[in-house]
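Step one of this worksheet: look at the structure below.
The values are calculated or read from the model by the stated rules, or taken from the named source; none is laboratory data. Quick caveat: nothing in here was measured; it's all calculated off a predicted structure. For neighbour counting, all protein chains shown are included, and Cβ atoms are generated from backbone atoms with ideal geometry for every residue, glycine included. Side chains included, ligands, DNA and RNA excluded: accessible areas come from the protein's heavy atoms. Shrake-Rupley method; radii C 1.70, N 1.55, O 1.52, S 1.80 Å.
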Amino acid sequence: MLVIAGYLWNFRNSTIPAPMESLTLATNTVYAGSCPIFVAQENGYFTQQGLQVNILPFTNGKDALAATLQGKAQLGVSADIPVVFSVMRGQPVSIVATIFSTTKDYGIVGRLDRNVTTPASLRGKRIGATLGTSGHFVLDAFLNRQKMSASDVTLVDLKPEELGAALIKGDVDAVSTWEPFVDVIKQQAGANGANFSTDGVYNATYNLSGTREYTVDHKETIKKVLRALISGAQFCQNMPELAQRITAKVMKIEATSLRPLWPSYHFDISLDQSLLLALEDESRWVIKNKLVAPSGMPNYLNNVDLDGMLAVQPGSVTVIH
């Protein structure tokens, strides 16, 4: 009787599912770089790891990271530029992994009727950009290649979804941003648009971050998230057509619009030494242009949490530590 009772007790408890762990993840939901997150949610990879993930939507990574640091989300995804600004302002950012990278998602669109015809003609013009983001950095790097600096133009700070209307209304002479906004703005500008490629100007990385306190206190949760995202990234990389459909559904666009640039996208969960070098280079840009109060060069190794990646996919960690 005792044996039977013990068996029944163990069977009943084995059939009780473990409670799901709730997590809020902030990300840009109108950007293809979030594909690993979209796929992990759609295909149940988060659920398989025991996570109930609420995706907090934003139109740019800067706001997603800000929400994370404000405690509105446990983790957030952004390009490297918002990370640099946050760290240099003394905020406790802790990078967990890079989930995506590309060199071809940015562009500058100008108005021909405002005499924006060549890159050099941007001098003296009003240019819209989302300051403190990768679109801002790309514009500055592009101007630098034309022997100009930010002081040679007038920068107008706008959210990415505001740039197209500002250009069409004539509030600005040109705009600098990323996809899918670049393509939409090109269509809006039509025959009056002057389009400048910024390919190769900047290698954008999309990074998963939390506060230092959260990443230290939730090691097991971080591992679960990373495992789900690894599955998501592999799907995005190896099953492009299906991944494009899932991504387009979240972005509320046609999947066909994602096909031209998809081969240039690199979906991979990693922590590479090149990320730290890029963060340092971008910090020099911030310091040179006095974009934040003087604080010196950060040691970005203090803003990277290696433990999760070393536990779940150590071969993708090349950060020297």
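Points to keep in mind about this one:
- When both the range 293-321 and the range 45-114 are represented by their alpha-carbon centers, they are found 17 Å apart.
- Diffusion of the range 196-321 by Stokes-Einstein, at 20 °C in a medium of 1.002 mPa s and with Rh set to the Kirkwood radius over alpha-carbon pairs, works out to 126 µm²/s.
- Shape category assigned to the range 38-87 from the gyration tensor of Cα positions, a/c cut at 1.5: prolate
- Considering only PRO36, PRO82, PRO263, the mean-square fluctuation computed in a Gaussian network model of the chain, springs between alpha carbons under 10 angstrom, is largest for PRO263.
- Beta bridges by DSSP in the chain, antiparallel share as percent, to the nearest 5: 60
- Tilt relative to the chain, helix 134-145 - C-alpha long axis, 0 to 90 degrees, to 10: 40
- Dividing the helix sum by the residues of the chain, where each DSSP H run of 4 or more adds -39500 (n - 2.57), gives a mean residue ellipticity at 222 nm of -12500 deg cm²/dmol.
- Legend: residue pairs LYS62/LYS252; LYS169/LYS252; LYS104/LYS186; LYS147/LYS288, Cα-Cα distance threshold 19 Å; pairs beyond threshold, LYS62/LYS252; LYS169/LYS252.
- Radius 14 Å from Cβ of ASP173, net charge of other residues (Lys, Arg +1; Asp, Glu -1): +3
- Surface analysis of the range 207-259 yields an accessible area of 51 Å² per residue, using protein heavy atoms and a 1.4 Å probe.
- Taken per residue, the accessible surface of the range 71-147 reaches 33 Å², heavy atoms only and a 1.4 Å probe.
- Share of carbon and sulfur in the accessible heavy-atom surface of the chain [1.4 Å probe, %]: 53
- The range 114-170 shape via C-alpha gyration tensor axes, a/c threshold 1.5: oblate
- For the chain: span of alpha carbons on each principal axis (Å, largest first): 91, 45, 32
- The range 234-288 and the range 115-142 have Cα centres lying 22 Å from one another.
- When Rg and the Kirkwood radius Rh are both evaluated on Cα atoms of the range 51-166, their ratio Rg/Rh stands at 1.03.
- Charge tally for ASP217 (other residues, Cβ to Cβ under 15 Å; Lys, Arg +1; Asp, Glu -1): -1.
- The chain: angle of helix 240-251 to the longest principal axis, Cα-based, in degrees nearest 10: 80
- Oblate is the label for the range 259-321. Its Cα gyration tensor axes, ordered a ≥ b ≥ c, give a/c of at least 1.5 and b/c at or above a/b.
- Long-range amide H partners of ASN207 with built H, under 5 Å: SER78, ALA79, ILE99
- Relative to the longest principal axis of the Cα atoms of the chain, helix 273-288 runs at roughly 40 degrees.
- Neighbours of TYR106, meaning other residues whose beta-carbon lies under 11 angstrom from its beta-carbon, give a summed charge of -2 when Lys and Arg score +1 and Asp and Glu score -1.
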